[in-house]
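Notes follow the structure.
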Amino acid sequence: MATENKPGDEFDTVFGQNDSLELSSHHDYETVQARIFKIIVIGDSNVGKTCLTYRFCGGTFLKNPEATIGVDFRERTLELDGETIKLQIWDTAGQERFRKSMVEHYYRSVHAVIFVYDVTSLSSFESIPEWIEECSRHCVGPLVPRVVVGNKCDLRDRREVPTTAAQCLADSYNFPLFETSAKEPAEKEHVDAIFLTLAYRLKSHKPLRLKQPSESNVSYLWNQREQEAATCQC
Ligand SMILES: Nc1nc2c(ncn2[C@@H]2O[C@H](COP(=O)(O)OP(=O)(O)OP(=O)(O)O)[C@@H](O)[C@H]2O)c(=O)[nH]1
Ligand SMILES: [Mg+2]
């Protein structure tokens, strides 16, 4: 079952269609000073978006995932150079019928975007420019970091997308390229590196605080207006 929360909601629990992992306790949320960054994962159906996000947030390979309906939310808290940040991962639906009512929500106030294709599916790779175009149409500004990820590299005999072609595409947009596997345990750190690359970039953005620290609840959020100014070129 997909869980649909409103954009901007804050999550302490990881929600997924096949999972209910708790990665940080509510107590942590109230006491830890954390900036929250929204990262959306976009791409054709079946490329492995759910498995990649589950690998990053849950640490394992999700067996038998169902097609995502709307969006599944996952979250992971990181300590980077002594600062706690939360990555709020929006695992989006690749199937048009499961995403069309949600598209506006995907892109609203997004901080970073991951475009995923399947290295064993040429058509999923050929869709990447369309996903990039959709992202631009939704006013995601040039300063919002983006990466391209080729998933399912463990299926070596079935590869249809050469690294050179993928690198060429990524270079043409000036986006970093990662090739990895959500399934291969040895690739776990490589999957982490994708999200960490974005996390370090986002961390250096220094968003403003919305709330001043108080005795019981200290949370740092993006200043909504500043965020919209940074992302919306319309
Ligand atoms: N061999 C291999 N299979 C994978 C990998 N990642 C995902 N899969 C499989 O690919 C299929 C689709 O995975 P999902 O993660 O559900 O794909 P998705 O992009 O979320 O699909 P939608 O939710 O429909 O958009 C499943 O059968 C997964 O087991 C991988 O790295 N290697
Ligand atoms: Mg999915």
Exercise for the section: Could you list, in their original order, any pairs among 152/188; 63/100; 38/86; 86/183; 38/188; 49/183 whose Cα atoms are separated by more than 18 Å? Expected result: 63/100; 86/183; 38/188
Completion exercise
antiparallel share of DSSP beta bridges within the range 35-204, to nearest 5, in %, is 30 percent
Exercise for the section: Apply the Karplus parameterisation 6.51 cos²θ - 1.76 cosθ + 1.60, with θ equal to phi minus 60°, to every residue of the range 87-93 and state each ³J(HN,Hα) to the nearest whole Hz, in sequence, with x for glycine and proline. Expected result: 9, 9, 9, 9, 8, 8, 7
Completion exercise
Subtracting the Cα-Cα distance of residue 66 and residue 164 from 0.36 nm times their residue separation yields 32.1 nm
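Any read-out appearing in this document is the output of simple, stated calculations on the displayed coordinates, not a laboratory observation. These numbers come from a predicted model, not from an experiment.
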